[in-house]
Amino acid sequence: MPTEAQRVTDNRGAADRGLMERLVSLCKRRGFIFPSSEVYGGLASAWDYGPLGVALKNRLRDLWWREMTQLHDNIVGLDASILMHPQVWQASGHVDHFTDPLVDCRNCKSRFRADQVDIAGPCPTCGKTELTDPRQFNMMFRTHLGPVEGGGTEIYLRPETAQGAYVNFKSVQQSSRLKVPFGIAQVGKAFRNEITTKSFIFRTCEFEQMELQYFVHPDDADRWFEHWRERRFDYYQQLGIRAAKLRLRPHADDERAHYARAAEDIEYEFPFGWQELEGIHNRGDYDLTQHMTVSGKDLSYLNEETKERYVPYVVETAVGLTRTVLVALLDGYAEDEVEGESRTVLRLHPRVAPITVGVFPLVKKDGLAELARDIEEELRESFATFYDQGGAIGRRYRRQDEIGTPFCVTVDYESKDDDTVTIRYRDSTEQERVPRSELVAKVRAAMVEYARPEEGD
Ligand code: ATP
């Protein structure tokens, strides 16, 4: 449950742009995230997820999927295609309404979202007062289906995954024999021709969304809106995100999307201020009604018991997977001191960290490397592991700290004699000797019991 302090609407918090630069550099150096097509000089706002980045992203996706489908018997999954019939976007309102107000600088040609600059003031890039009047710019990417440009059908790359759930509403409901209330969960790519892409992976033109469309009786929509708002807010704290960095912000009347009856954002305090992480919306019956009207197909629902026929309302929870990756990285990033040396550590929740256990032999010789390998192979059945035998042990710990590995297991001479190993905890750097046979249970318990240490922001 959000506290009162977490429901404020002011803009708390100091900017820490240096943090963003340090994080971008760490992500590149350690293989989380690279600029796209870098050998050609990169492509603005496009990023590639490297070995650790894809592992982190997949974990966040799988945790969301578990939370939103596995833990419910009335929520099912869907994977709709990115390319959809163009009338979908006519019906949804995206062709007419999915626009941002755009201003250009007449002098340096920079483009800005009119709601993000002072349009009467100087150009933020070149400093001249040469901005054009705002004009509406549709953010959908257009392309052609068929080999001949102009001869085929003009289609769009989907700007949100939600419409896939609406047009499949009846197929999903009937094939799965679901009764309202029920939900359709979906994870997938979405594309928006954003005017300003900035702040690393915060806002990109190609991104991934994780969305739930929860179909309810109109009379119950307010209750379900509150339910999902609270549940989604709590979820981020379960992921280990610091409570002080999260808040709920209701949309003002003039801010709500054309389809929304109620909307509230879960915001995170990024280094550049409070910004949306997830949106919770009561979309009413807007989408299903629109698709009924434009397609001519009946998308109403019949309650078999009461014989009431109605168009369900939709309560939607919509979050960016790639934006969640940024939140996990920013929130986890810390610099502290261990034995007089400064270290960088990612305090990721063990369920989120790309690697759960690092395994090292103290030295390579005398059979320690073989024993450590054997232990690592046993552990990999249960956890994501990483074996490292290179360099001083302290350096190996630091390398794992920096990528967020919560546990490291070290095999030393004693291990050969009594079958015990040392387990070292990332946050406290404390070490504990445990029998090899108890290692799996020990790591499992530590994952369940994990609590991030208290610290100043
Ligand atoms: P914004 O106001 O930031 O443009 P929005 O309100 O249009 O976002 P929604 O349409 O509600 O966003 O999308 C749901 C979620 O998808 C957002 O909360 C965000 O996490 C994510 N998202 C939206 N646009 C982008 C983007 N360009 N890049 C990365 N994630 C995005």
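The values are calculated or read from the model by the stated rules, or taken from the named source; none is laboratory data. Predicted model only: the values in this text are computed from it and were never measured. Note: ideal-geometry Cβ built from the backbone for every residue, glycine included; neighbour counts use all protein chains shown.
Tabulated results
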| read-out | value |
| --- | --- |
| Strands (runs of 3 or more DSSP E) within the range 67-166 that include 1 or more residues modelled with pLDDT of 90 or more | 75-77, 135-138, 142-145, 153-156 |
| Only listed residue being buried (at least 19 other Cβ atoms within 10 Å of the Cβ) and farther than 21 Å from Q290 by Cα, chosen from F169, F182, F112 | F112 |
| Criterion (of a type in the set (S, T, Y) and within 25 Å of Q116 (Cβ to Cβ)) met by exactly one of T324, T306, T289 | T324 |
| Any hit, the range 304-324, residues being of a type in the set (S, T, Y), farther than 24 Å from V88 by Cα and away from the ligand (no atom under 13 Å from the Cβ) | yes |
| Some residue of the range 193-214 being within 14 Å of the chain's Cα centre (by Cα), surrounded by fewer than 19 Cβ atoms within 10 Å (Cβ to Cβ) and more than 10 Å from the ligand (Cβ to nearest atom) | no |
| Selection within the range 287-320 - in a helix (DSSP H, G or I) and either among the acidic types (D, E) or buried (at least 20 other Cβ atoms within 10 Å of the Cβ) (or both) | D287, L288, H291 |
| Pick from the range 238-270, criterion of a type in the set (A, V, I, L, M) and within 11 Å of the ligand (Cβ to nearest atom), ranking: farthest from A334 (Cα to Cα) | A260 |
| Residue selected from the range 248-286 under the condition in a loop (DSSP other than H, G, I, E, B), of a type in the set (A, V, I, L, M) and touching a residue at least 12 places away in the same chain (Cβ under 8 Å), by the criterion surrounded by the most Cβ atoms within 10 Å (Cβ to Cβ) | A260 |
| Tabulated pairs, the range 92-111, first in contact (Cβ under 8 Å) with a residue 60 or more places away in the chain, second assigned to a helix (DSSP H, G or I), C-beta under 6 angstrom, 6+ apart or interchain | S92/Q163 |
| Complete set of residues in the range 253-291 that are over 24 Å from V325 (Cβ atoms) and modelled with pLDDT of 95 or more | N282, R283, G284, D285, Y286, D287, L288, T289, Q290, H291 |
| Single condition L302 does not satisfy, out of (1) in contact with a helix residue (DSSP H, G or I) (Cβ under 6 Å, 6 or more places away or on another chain); (2) closer than 30 Å to H85 by Cβ; (3) not small (G, A, S) | (1) |
| Cβ pairs under 6 Å, 6+ apart, first in the range 193-207 and farther than 23 Å from T143 by Cβ, second within 7 Å of the ligand (Cβ to nearest atom) and not small (G, A, S) | I201/T322 |
| Listing of helices (runs of 4 or more DSSP H) fully contained in the range 353-435 that carry 2 or more residues being within 21 Å of M447 (Cβ to Cβ) and in contact (Cβ under 8 Å) with a residue 40 or more places away in the chain | 368-379, 393-403 |
| Hits in the range 271-303 (condition: acidic (D, E), within 9 Å of the ligand (Cβ to nearest atom) and in contact with a Ser or Thr (Cβ under 8 Å, 6 or more places away or on another chain)) | E278 |
| Count of the range 196-247 residues which are assigned to a loop (DSSP other than H, G, I, E, B) and touching a Pro at 6+ places or on another chain (Cβ under 9 Å) | 3 |
| Subset tally (residues that are assigned to a loop (DSSP other than H, G, I, E, B) and farther than 16 Å from G404 by Cβ) for the range 338-352 | 2 |
| Candidate set from the range 218-237 (those that are over 30 Å from E454 (Cα atoms) and buried (at least 17 other Cβ atoms within 10 Å of the Cβ)); member that is nearest to the ligand (Cβ to nearest atom) | F225 |
